[in-house]
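The values are calculated or read from the model by the stated rules, or taken from the named source; none is laboratory data. These numbers come from a predicted model, not from an experiment. Reconstructed Cβ throughout: ideal geometry from the backbone, glycine too, with neighbour counts over all protein chains shown.
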Amino acid sequence: MTRRENAQHRRPSRRRSRPLILVVCGAERTEPQYFAGLRDSLNSRAVDIVINLQSKAPAQVVEHAAAFARHSPRDFDEIWCVVDVDEFDLDSTIRTARRSGIKLAVSNPCFELWLLLHHEDCRTSLPGFKSALGRLQKYVPNYDKARLDFAFFTSGVPKAVIRAKALDPSGIQYKRNPSTGMWRLVEKMTEFQ
């Protein structure tokens, strides 16, 4: 073995200097596009986000996140699942997530509430996606779930965090409509800017 090869062989492994967060979304496009836009707008290398697309019920999203983390060569510091209440009963999903050490960012009734909070303070119960969409389209007229333009939300992120905290200061009261725990994940991402 040459001197150079020997020196490389003894080099200590590098310790990761930044946290690694896995974000598993329950939708194929909207949420992943939002997180990609947020990550890029923060221009932060302090947090790595892996977005794994699964179009499934919240319980399946949590199960997939746990399996993905177990089989990943990466060592995640935190695992988050982003899900909507919609028509799902989340009680067992929440228990499974807690047992697995997975954090949830739940929006009631849907993720579009979180997007709406970037533009207005919404404290009125929303019966479902269509009502959230109608209000959101006042600010983003051409809103398309398949092609989210983060430019419509960039400047409103700090306001959305404040408004979401006012709806649910704990970030875990998913039965309250409207409410969203998205602010907890967003704060975690901005913490390491």
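Cβ-Cβ below 9 Å, separation at least six or inter-chain, first residue in segment 76-101 and closer than 25 Å to Val47 by Cβ, second among the acidic types (Asp, Glu) and outside any helix (DSSP H, G or I): which pairs?
Gly101/Glu78
Can you work out which of the residues in segment 166-177 that are buried (at least 21 other Cβ atoms within 10 Å of the Cβ) and touching a helix residue (DSSP H, G or I) at 6+ places or on another chain (Cβ under 8 Å) is modelled with the lowest pLDDT?
Gly171
Please specify each residue of segment 178-192 satisfying the condition of being farther than 17 Å from Phe153 by Cβ and either β-branched (Val, Ile, Thr) or surrounded by fewer than 17 Cβ atoms within 10 Å (Cβ to Cβ) (or both).
Passing the criteria: Glu191, Phe192.
When residues of segment 74-102 are filtered for being assigned to a loop (DSSP other than H, G, I, E, B) and among the aromatic types (Phe, Trp, Tyr), how many remain?
2
How many residues are within 14 Å of Tyr174 (Cα to Cα), in contact with a helix residue (DSSP H, G or I) (Cβ under 6 Å, 6 or more places away or on another chain) and not in a helix (DSSP H, G or I) if we restrict to segment 103-150?
Result for segment 103-150: 5.
Could you count how many residues in segment 151-187 are touching a strand residue (DSSP E or B) at 6+ places or on another chain (Cβ under 9 Å), over 13 Å from Leu116 (Cα atoms) and outside any helix (DSSP H, G or I)?
Matching residues across segment 151-187 total 9.
Do the conditions hold for Thr190, that is, is it outside any strand (DSSP E or B) and under 25 Å from Ile21 (Cβ atoms)?
Judged against the criteria, Thr190 is a match.
Residues that are modelled with pLDDT of 90 or more and of a type in the set (S, T, N, Q): does segment 9-30 have at least one?
yes
Considering Arg99, Arg163, Arg135, Arg147, which residue is surrounded by 19 or more Cβ atoms within 10 Å (Cβ to Cβ) and either farther than 20 Å from Val61 by Cβ or of a type in the set (Lys, Arg) (or both)?
Arg163
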